[in-house]
Amino acid sequence: MKHRFFIQFLWYFAISAFSIHLTCAQSDPIKFGKVELADLQMKTYDKDTSSDAVVLCDYGKAFFNGNLQIQFERIIRIKILKKSGYDWADGIIPFLKNTGAELKITDLKGVTYNLQNGEIVKEKMSKEAVFSEKKSKNFYLQKFTLPNVKEGSVIEYTYTTVSDFWYEFHNWTFQKEIPVIWSEYRASIPDYLSYKLQMSGYEAPHITKTEPANVSFGTSNVSGKNYRWVFKDVPALREEPYITTIDDYVAKIEFELANISVPGVSYKSFSNNWTSICENLLTDESFGGQIKKTGFVKDIINKIKTENKEPLTQATAIYDFVRKSIKWNEVEDISSDATKKAYETHSGTTADINLLLIAMLKEIGLDAKPVLLSTRENGKVLPFYATTTKFNYVVAHVKIGENTILLDATDEHISPGMLPTRCLNGIGRLIDSKGGDWIVLDPRERASQLINVQMAINEDGELSGKIEKSLAGYDAWTHRKEIIAIGKDKHTENLKKEHPTWQISKIDLINLDKYTEAFSEKYELTMGDASQKAGNIIYLKPLISEALTDNPFKHQERKFPVDFATAMDRTYVATITVPEGFKVEEMPKNAIMSLPENAGRFSFMVAVNGNTIQVSSKISIRKPIFYADEYGALRELYAQIVSKHAEQIVLKKI
């Protein structure tokens, strides 16, 4: 529909006696087929000697061609440094067809360059190396592989795409999993079309330039702007622990059509506002329509209302009913065509389940509204634009008195008021008839565990006793899910495989099915891997098997945030009885370390009382997100934890 409207709206202005192609005063940074000898002679990339490949240049430009299509042209050249970089010789380009409007690929060419006896030898990509793969009804992938790739090869390929989808101007990514020496993108856009430009990532551009110019638009030359963005010496985008999706951190630019304006003729806005979005959603059969459908569960609602008089118990009862009645099919969505079918088949999407939940909560008389969000894997939502395209999940927002709770009935093991970790992604959008509002998705629960150890060590260094793990909040939820999924017997088997020297005589699981209670796991055992005997000396690991042995933060610097999703507490308390005839010869020194602004704390204490040793380790991370300027202190805190946890207690025979 948008494509047809654009054609009718703009064609009048695209007629001219001559055609002027996009030209830029700036010369292109790369010419296809013009490889440099120095690139082939390169052995390593000085700025990242560990890299298995490096992008020498990635250049793209987009403009409107003579057929009022967005034409995008790209050339990319890559140096292969190691065998592990061979995968960069495989390319994938998405395209659409059979939709009326199309996104098609033309002029795909590829070449591999190798150095033989000091001479540059090139080999072109054959037609047989290119094939298409159908992913869905209209969505395809063009795949290809460049030939004869070796360590030291330089590969390059070029292609053009032509798109009828003007409201989706071609986005560009400046950063990759390997270093990029030069990435440049140019866009030529007529003033008739106004796009919102969103630059994101944690790298700064080398050049950003916007110039007024006469630009190509159909068969006309009209006033517009030429844009140029250059990123230079971009480091590889590496996977780090504690992130959402890597796409949240990559340096890129994205376009969204805001309006079309032809002076004196017409104006068409494509920018939404939340009032109109909410109105459309609430009147849409697949969203608001489903919230009104409760006839098939009317008897259940009446029964719950009769048995529960308080709003909170009513909400909890409905929540329990929905999550036990419909199993989530792992599909994330914000709209549903069949909440009734999901109920009848006991299987449904996030929207099927949670829109029914909202419908039942409203029907019983509670103030329940939908909240749209984007999962951590789907990426962050930016609050600057009014759009639903970034959302992939819906949950229920319920106001009871002065308090509000968020409910997600896709998981039958989580406590009411807790969202699954996948949903903890910054902000969500409340949808109501007044335009809604942004709400913060900060978790109200922490990830907490208390480990209590009562052990006695014999003169051979073998320990025996009891371990009790008490878990609450997100730790309890995670552990419950794992055990319920595989069963107690398999869990015990896995525990024994993980600790082959443990001889477990008894395991008790407490409150496994009581999701609003703390969960405990108790076991009685003997073990031989927590100490080592050498002559008349016993070296004892004070944290038994619970020591943090590896710092997750390997790199000296980190540009993007550490996102734990939740705050956390890790407490370990042990009482260890020393065997008769032994004394404590050495023990770790006590230590306390705190992060600035009380954001975290680590304490480690060891004390001797008669023939017993008391050990205490407490780690508290008091907020879920740490930014780049806080990374150094956080990394050092974890380094101290690893160091202290590695220290041993030395027992000596008297």
- Task: With the condition kept exactly as written, say whether any residue in segment 585-599 is of a type in the set (Gly, Ala, Ser) and touching an Asp or Glu at 6+ places or on another chain (Cβ under 8 Å).
- Result: yes
- Query: If you take the residues in segment 237-296 that are acidic (Asp, Glu), part of a loop (DSSP other than H, G, I, E, B) and closer than 30 Å to Glu177 by Cα, which one is modelled with the lowest pLDDT?
  - Reply: Glu239
- Message: Every residue in segment 614-646 that is among the charged types (D, E, K, R) and more than 18 Å from Ile451 (Cβ to Cβ), please.
- Response: Arg622, Lys623, Asp629, Glu630, Arg635, Glu636
- Could you run through segment 209-219 and say how many residues are surrounded by fewer than 21 Cβ atoms within 10 Å (Cβ to Cβ) and either in contact with an Asp or Glu (Cβ under 6 Å, 6 or more places away or on another chain) or in a strand (DSSP E or B) (or both)? 6
- Going through segment 30-41 in order, the residues found to be assigned to a loop (DSSP other than H, G, I, E, B) and either at positive phi or buried (at least 16 other Cβ atoms within 10 Å of the Cβ) (or both) are Ile30, Phe32, Gly33, Val35
- Say we look at segment 397-419 and pick out the residues that are among the small types (Gly, Ala, Ser) and in contact (Cβ under 8 Å) with a residue 60 or more places away in the chain; which of these is surrounded by the fewest Cβ atoms within 10 Å (Cβ to Cβ)? Gly401
- Query: In segment 304-317, what residues are in a helix (DSSP H, G or I), closer than 14 Å to Gly365 by Cα and over 31 Å from the mean Cα position of the chain (by Cα)?
  - Reply: Ile304, Lys305, Thr306, Pro311, Leu312, Thr313, Gln314, Ala317
- Note on the structure: Of all strands (runs of 3 or more DSSP E) fully inside segment 55-141, the set with 3 or more residues that are surrounded by fewer than 16 Cβ atoms within 10 Å (Cβ to Cβ) and more than 29 Å from the chain's Cα centre (by Cα) is 103-116, 119-124
- Task: Check every one of the strands (runs of 3 or more DSSP E) wholly within segment 574-640 and list those with 2 or more residues that are of a type in the set (A, V, I, L, M, F, W, C), surrounded by 13 or more Cβ atoms within 10 Å (Cβ to Cβ) and in contact with a helix residue (DSSP H, G or I) (Cβ under 6 Å, 6 or more places away or on another chain).
- Result: 591-594, 600-609
- Query: So which strands (runs of 3 or more DSSP E) stay within segment 513-563 end to end and still have 1 or more residues that are modelled with pLDDT of 95 or more and of a type outside the set (A, V, I, L, M)?
  - Reply: 519-527, 537-540
- Message: Regarding segment 184-194, can at least one residue be identified that is at pLDDT 95 or above, among the aromatic types (Phe, Trp, Tyr) and in a strand (DSSP E or B)?
- Response: yes
- Item | Criterion (among the aromatic types (Phe, Trp, Tyr), at pLDDT 95 or above and either within 30 Å of Leu193 (Cβ to Cβ) or out of contact with any Lys or Arg (no Cβ under 6 Å at 6 or more places or on another chain) (or both)) met by exactly one of Phe174, Phe165, Phe139, Phe169 | Phe174
- Message: Suppose we filter segment 610-638 for residues that are farther than 27 Å from Pro443 by Cα and of a type in the set (A, V, I, L, M, F, W, C); how many remain?
- Response: 2
- Val149 versus (1) in a loop (DSSP other than H, G, I, E, B); (2) without any contact (Cβ under 8 Å) to a residue 12 or more places away in the chain; (3) in contact with a Phe, Trp or Tyr (Cβ under 9 Å, 6 or more places away or on another chain): which is the lone unmet condition? (2)
- Within segment 494-517, is even one residue among the small types (Gly, Ala, Ser), in contact (Cβ under 8 Å) with a residue 40 or more places away in the chain and surrounded by fewer than 18 Cβ atoms within 10 Å (Cβ to Cβ)? no
- Note on the structure: For segment 39-67, pairs from a residue that is within 21 Å of Phe174 (Cβ to Cβ) to a residue that is of a type in the set (Asp, Glu) and outside any strand (DSSP E or B), with Cβ under 8 Å and 6 or more apart or across chains, are Val54/Asp48; Leu56/Asp39; Tyr59/Asp28
- Ser464 vs (1) more than 17 Å from Ser415 (Cβ to Cβ); (2) touching a Gly at 6+ places or on another chain (Cβ under 9 Å): all pass except (2)
- Item | Number of the exception - Val371 against (1) touching a residue at least 60 places away in the same chain (Cβ under 8 Å); (2) in a helix (DSSP H, G or I); (3) among the hydrophobic types (A, V, I, L, M, F, W, C); (4) under 17 Å from Ile405 (Cα atoms) | (2)
- Query: Restricting to strands (runs of 3 or more DSSP E) lying wholly in segment 426-471: which have 2 or more residues that are under 27 Å from Ile654 (Cβ atoms)?
  - Reply: 447-457
- Message: Cβ-Cβ under 6 Å, sequence separation 6+ or interchain: first residue in segment 555-579 and on the phi > 0 side of the Ramachandran plot, partner modelled with pLDDT of 95 or more and not in a loop (DSSP other than H, G, I, E, B). Which pairs?
- Response: Ala565/Thr421
- Item | Unmet requirement for Lys232, which otherwise passes all of (1) basic (Lys, Arg); (2) in contact with a strand residue (DSSP E or B) (Cβ under 7 Å, 6 or more places away or on another chain); (3) outside any strand (DSSP E or B) | (3)
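The values are calculated or read from the model by the stated rules, or taken from the named source; none is laboratory data. Since this is a predicted model, take the numbers as computed values, not measurements. Glycine gets a Cβ as well: all are built from the backbone with ideal geometry, and neighbour counts include every protein chain shown.
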